[in-house]
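Worksheet: one structure, shown below.
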Amino acid sequence: MVKTVASVGLPVDEVLEIKKNRILPEGESDGKKKRISIVTGIHGDELEGQYVCFELIRRIEEHKELLKGIVDVYPAMNPLGIDSITRGIPAFDLDMNRLFPGNKDGDMTEFLASGMIADVDGSDVCIDIHASNIFLTEIPQIRINELHKEKLIPLAKELNVDFIWVHGANTVLESTFAHSLNSRNVPTLVVEMGVGMRITKEYCNQLVDGILHLMETMEIWAGETIEPRKPIISEDADDVTYLNAPTAGVFVPRVKHWEHLKKSDEIGWIIDPLHGKILEKILSPVDGILFTIREYPIVDHGSLIGRLLREEARKE
Amino acid sequence: MEKKIIYEISSLYRDNFRVTGFEFGEGEKSVCIVGNLRGNEVQQIYTCSQLVQKFKVLEKEGKIRKGHKVLIIPSMNPYSMNSKERFWPTDKTDINRMFPGYDLGETTQRIAAGIFEVIKDYKYGMQFASFYMPGKFMPHVRMMQTGFENVEMAKEFGMPYVVLRKIRPYDTTTLNYNWQIWETNAFSIYTTSTTEIDKESAKEAIRGILRFLAKQQIIEYTTHEGYKSSVVTDSEMISVRTKSAGIFDSKVKAGEEIAKGQILAQIIDPLEGEVKENLISPVDGIVFFGHNDPLTYANTAVFKIISGGI
Ligand SMILES: [Zn+2]
């Protein structure tokens, strides 16, 4: 059953609507049941969640008799952004994920943000699916603010991701969708996977397997599900090494994503096409595994090229 | 005067990214004044460039007092301005959300760190700032309520208003906030416009800054006393919001006195031309901010009003 969560009239003959699909067990209406919410599209250039929503609904509908709770799917929290290939909210130049919890008496963007929070509030768990950005590819991972780790790590382990990254609290992140919901006691897991503007079916299917498994543990789904993979959990900021471009140029990788690297292995080159020269060889500074790698070739001074999880962190 | 490169990085195909500063006088780091941080802040770079002109004259006439150094940086972001991007051309990040910066981080973090290293020890910091919504302001001095703000000092600009604003989470990464944390007396100066040049309000801001610096005994400069600034908090201002979206036909300008019940603007149906909505002033007062885009969304605060007469 498709519902409009929030809507607002645009200047010329158009209504902006944020929609969700509520899937209920056969023959039942809304009521007091366990509820999971799947949210994506807060960043208009992140599309991996589109396929996750499609595939999850498809699998549930195929065996509707196994559904025991409520599944709310919100595939497009920022419809104008998705339509115009814009990360933020077009016309406002604002990152929607810096507007929460919003304000129902505020401007259009704050009004929509408050409508989303009000609708998702009350869920037993929420999954907010992101897809990095157009610059970086991420291995399927869950990012958790250390403030909420006790509650979230056990849930995250059920989601069949490869990596759980617990990061420090940061004032700026207080205005994210996930932070607002976690503060309202709605356990909300932020998934980052794949790359902006693309769909990586393999990762999407991996996450759908995980969502169904989590639903099974919550008794929302009575079907058989996979045994989730054991994620690496990193809680120490020193576990992660950042690789930033030492110079501007064109980055060409020499390794694959999620590859185990030894110190001084070549990760890639920064090249200069005008002179046909290699400007820099990017070497691994530590033994580790590459969980983020640059996808978009053009780099400036300092552009992020990758993130490595140190080998010691993985063994613990 | 000494023209200095404050920060520079190379690019693959563009000329180097350069931030240029103009240093006047010698001695302790007294005053730092910065112009555009974003690519659309044309009024801000213009105003700063005019201030460079003023300081050239002051220096020539020996009117910068001994022991004071003044640094003016008209543009902290030539790249975005040259490519008509509001934010950093490649990754669309906002330098004014990167302070105090990180010299080993990403590009705009490095730029913020490189610039902040140079400007953080000044006693007074002034930034020509802009608002994220399209519209025009009454010229004013704006401060965040960090606990370090000095309201009495802000009145010495003699601008009509000093506006105080509560801190929101994203403010902690702005230049103004970090200046204050590093114990610089930081002021954001708002003139009327952003994307177009408004010479009158640029002049008013320059007079305000010179008046302020004269009061601090940094320069010799005489002008009229200016206004006796009213101090207003952002929350005391009355927002007039649209109920509907459409063509926005404003009937008043920033700075205009208005009466309770007066029509401030009309929203016109863009297909049929009918008036969909009259926006009425709820109080007697003065228009502090007015939206100036020909279209508006619903729920938009198109006017901010300070109630009472002037
Ligand atoms: Zn995202």
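Test A:Met77 against the criterion of being within 13 Å of the ligand (Cβ to nearest atom), open to solvent by less than 40 Å² (accessible area, probe 1.4 Å) and closer than 21 Å to A:Val52 by Cβ, and give yes or no.
Values: within 13 Å of the ligand (Cβ to nearest atom): yes; open to solvent by less than 40 Å² (accessible area, probe 1.4 Å): yes; closer than 21 Å to A:Val52 by Cβ: yes.
In short, yes.
What's the number of the only condition in (1) touching a strand residue (DSSP E or B) at 6+ places or on another chain (Cβ under 8 Å); (2) in a loop (DSSP other than H, G, I, E, B) that B:Asp103 fails to meet?
The failed condition is (1).
Specify the residue that is nearest to B:Ser11 (Cα to Cα); the eligible residues are those in the range A:233-264 that are in a loop (DSSP other than H, G, I, E, B) and charged (D, E, K, R).
My answer is A:Arg254.
Before we move on, is A:Ile267 more than 26 Å from the chain's Cα centre (by Cα) and part of a strand (DSSP E or B)? Give the steps one after another, and end with the answer.
Values: more than 26 Å from the chain's Cα centre (by Cα): no; part of a strand (DSSP E or B): yes.
No.
Output the number of the condition that B:Asp234 fails; it satisfies all remaining conditions of (1) within 14 Å of chain A (Cβ to nearest Cβ); (2) under 23 Å from B:Ala129 (Cα atoms); (3) touching a Phe, Trp or Tyr at 6+ places or on another chain (Cβ under 7 Å).
(3)
For residues in the range B:218-237 being β-branched (Val, Ile, Thr) and assigned to a strand (DSSP E or B), which is farthest from B:Ala298 (Cα to Cα)?
First pass over the range B:218-237, keeping only residues β-branched (Val, Ile, Thr): B:218-219, B:222-223, B:231-233.
Next cut, assigned to a strand (DSSP E or B) only: B:219, B:231-233.
Numbers: B:Ile219: 48, B:Val231: 30, B:Val232: 26, B:Thr233: 25 Å.
Looking at the filtered set, the residue picked out is B:Ile219.
Quick test for you: out of A:Ala237, A:Ala156, A:Ala169, A:Ala222, pick the one residue that is closer than 26 Å to A:Gly88 by Cβ and small (Gly, Ala, Ser).
Numbers: A:Ala237 fails: closer than 26 Å to A:Gly88 by Cβ; A:Ala156 fails: closer than 26 Å to A:Gly88 by Cβ; A:Ala222 fails: closer than 26 Å to A:Gly88 by Cβ.
Selected residue: A:Ala169, the only one of A:Ala237, A:Ala156, A:Ala169, A:Ala222 that is closer than 26 Å to A:Gly88 by Cβ and small (Gly, Ala, Ser).
Among A:Ile129, A:Ile153, A:Ile164, which is within 16 Å of the ligand (Cβ to nearest atom), more than 10 Å from chain B (Cβ to nearest Cβ) and in contact with a strand residue (DSSP E or B) (Cβ under 9 Å, 6 or more places away or on another chain)? Talk me through it step by step, then tell me what you get.
Values: A:Ile153 fails: within 16 Å of the ligand (Cβ to nearest atom); A:Ile164 fails: within 16 Å of the ligand (Cβ to nearest atom).
Criteria check complete, one pass: A:Ile129.
Spot the failing condition for B:Glu156; the list is (1) under 19 Å from A:Ser303 (Cβ atoms); (2) surrounded by 19 or more Cβ atoms within 10 Å (Cβ to Cβ); (3) among the acidic types (Asp, Glu), and only one is missed.
(1)
Hey, A:Leu189 hits all of (1) in contact (Cβ under 8 Å) with a residue 12 or more places away in the chain; (2) open to solvent by 50 Å² or more (accessible area, probe 1.4 Å) but one; which does it fall short on?
The number of the failed condition is (2).
Just checking, does the range B:238-257 include any residue being assigned to a helix (DSSP H, G or I) and either more than 17 Å from the chain's Cα centre (by Cα) or of a type in the set (S, T, N, Q) (or both)? Please lay out each step first, then the result.
Of the residues in the range B:238-257, the ones assigned to a helix (DSSP H, G or I) are none.
No, the range B:238-257 contains no residue that is assigned to a helix (DSSP H, G or I) and either more than 17 Å from the chain's Cα centre (by Cα) or of a type in the set (S, T, N, Q) (or both).
For A:Val172, which of the numbered conditions (1) at pLDDT 95 or above; (2) surrounded by fewer than 21 Cβ atoms within 10 Å (Cβ to Cβ) fails to hold?
(1)
Take the range A:127-169 and flag every residue that is assigned to a helix (DSSP H, G or I), charged (D, E, K, R) and open to solvent by less than 20 Å² (accessible area, probe 1.4 Å). Talk me through it step by step, then tell me what you get.
Kept after step one, since they are assigned to a helix (DSSP H, G or I), are these residues of the range A:127-169: A:146-159.
Of the ones still in play, those that are also charged (D, E, K, R) are A:146, A:149-151, A:157-158.
The answer is none; no residue qualifies.
Only residues that are surrounded by 18 or more Cβ atoms within 10 Å (Cβ to Cβ) and not aliphatic (A, V, I, L, M): list them for the range A:109-126, please.
Residues satisfying the conditions are A:Thr109, A:Glu110, A:Phe111, A:Ser114, A:Gly115, A:Asp119, A:Ser123, A:Cys126.
Sort out which residues of the range A:198-212 are part of a helix (DSSP H, G or I) and basic (Lys, Arg), and write them in order of number.
A:Lys201
Using the structure shown, decide if A:Asn103 is more than 15 Å from the ligand (Cβ to nearest atom) and farther than 21 Å from A:Thr4 by Cα.
no
State whether the residues of the range A:214-230 include one that is aromatic (Phe, Trp, Tyr), in contact with a helix residue (DSSP H, G or I) (Cβ under 8 Å, 6 or more places away or on another chain), surrounded by 19 or more Cβ atoms within 10 Å (Cβ to Cβ) and not in a loop (DSSP other than H, G, I, E, B). Please lay out each step first, then the result.
Restricting attention to the range A:214-230, the residues satisfying the condition of being aromatic (Phe, Trp, Tyr) are A:221.
Then keep just the ones that are in contact with a helix residue (DSSP H, G or I) (Cβ under 8 Å, 6 or more places away or on another chain); that gives A:221.
With surrounded by 19 or more Cβ atoms within 10 Å (Cβ to Cβ) added as a condition, the list becomes A:221.
Those still in the list that are not in a loop (DSSP other than H, G, I, E, B) too: A:221.
Yes, the range A:214-230 contains a residue that is aromatic (Phe, Trp, Tyr), in contact with a helix residue (DSSP H, G or I) (Cβ under 8 Å, 6 or more places away or on another chain), surrounded by 19 or more Cβ atoms within 10 Å (Cβ to Cβ) and not in a loop (DSSP other than H, G, I, E, B).
Within the range A:203-213, track down each residue that is open to solvent by 10 Å² or more (accessible area, probe 1.4 Å) and touching a Pro at 6+ places or on another chain (Cβ under 9 Å).
A:Tyr203, A:Gln206, A:Asp209, A:His213
Take the range A:30-41 and flag every residue that is away from the ligand (no atom under 16 Å from the Cβ) and crowded, with 17+ Cβ neighbours inside 10 Å.
Selection gives A:Arg35, A:Ile36, A:Ser37.
Sort through B:Gln109, B:Gln145, B:Gln127 and tell me the only one that's within 12 Å of another protein chain (Cβ to nearest Cβ) and not acidic (Asp, Glu).
On the way: B:Gln145 fails: within 12 Å of another protein chain (Cβ to nearest Cβ); B:Gln127 fails: within 12 Å of another protein chain (Cβ to nearest Cβ).
On inspection, the qualifying residue turns out to be B:Gln109.
Scanning the range A:249-299 for residues that are in contact (Cβ under 8 Å) with a residue 60 or more places away in the chain and within 14 Å of chain B (Cβ to nearest Cβ), which turns out nearest to A:Glu312 (Cα to Cα)?
Going residue by residue through the range A:249-299, those that are in contact (Cβ under 8 Å) with a residue 60 or more places away in the chain are A:257-258, A:291-296.
Now narrow it down to the ones that are within 14 Å of chain B (Cβ to nearest Cβ): A:292, A:294-296.
Values: A:Thr292: 18, A:Arg294: 23, A:Glu295: 26, A:Tyr296: 29 Å.
Looking at the filtered set, the residue picked out is A:Thr292.
Inside the range A:65-111, can you point out the residues that are part of a loop (DSSP other than H, G, I, E, B) and of a type in the set (Ser, Thr, Tyr)? Walk me through it before giving the result.
Keep residues of the range A:65-111 that are part of a loop (DSSP other than H, G, I, E, B), which gives A:68-69, A:75-78, A:84-88, A:90-93, A:95, A:99-107.
Within the range A:65-111, A:Ser84, A:Thr86 qualify.
Which of the residues spanning the range A:1-29 are open to solvent by 70 Å² or more (accessible area, probe 1.4 Å), in a loop (DSSP other than H, G, I, E, B) and within 21 Å of A:Cys126 (Cβ to Cβ)?
Selection gives A:Met1 alone.
Any idea which of A:Gly106, A:Gly88, A:Gly44, A:Gly49 is over 21 Å from the mean Cα position of the chain (by Cα) and surrounded by 17 or more Cβ atoms within 10 Å (Cβ to Cβ)? Reasoning before the result, please.
Numbers: A:Gly88 fails: over 21 Å from the mean Cα position of the chain (by Cα); A:Gly44 fails: over 21 Å from the mean Cα position of the chain (by Cα); A:Gly49 fails: over 21 Å from the mean Cα position of the chain (by Cα).
Checking each option against the conditions leaves just A:Gly106.
List pairs: first residue in the range A:111-135 and farther than 16 Å from A:Ile18 by Cβ and of a type in the set (Lys, Arg), second residue modelled with pLDDT of 95 or more and part of a helix (DSSP H, G or I) anywhere in the structure, Cβ distance under 7 angstrom, at least six positions apart or on different chains.
none
The values are calculated or read from the model by the stated rules, or taken from the named source; none is laboratory data. Since the structure is predicted, the reported quantities are computational estimates derived from the model, not experimental observations. In this analysis, Cβ positions are derived from the backbone assuming ideal geometry, glycine residues included, and neighbour counts consider all displayed protein chains. Quick note on the areas: whole protein, heavy atoms, side chains included, nothing else; ligands and nucleic acids left out. Shrake-Rupley method; radii C 1.70, N 1.55, O 1.52, S 1.80 Å.
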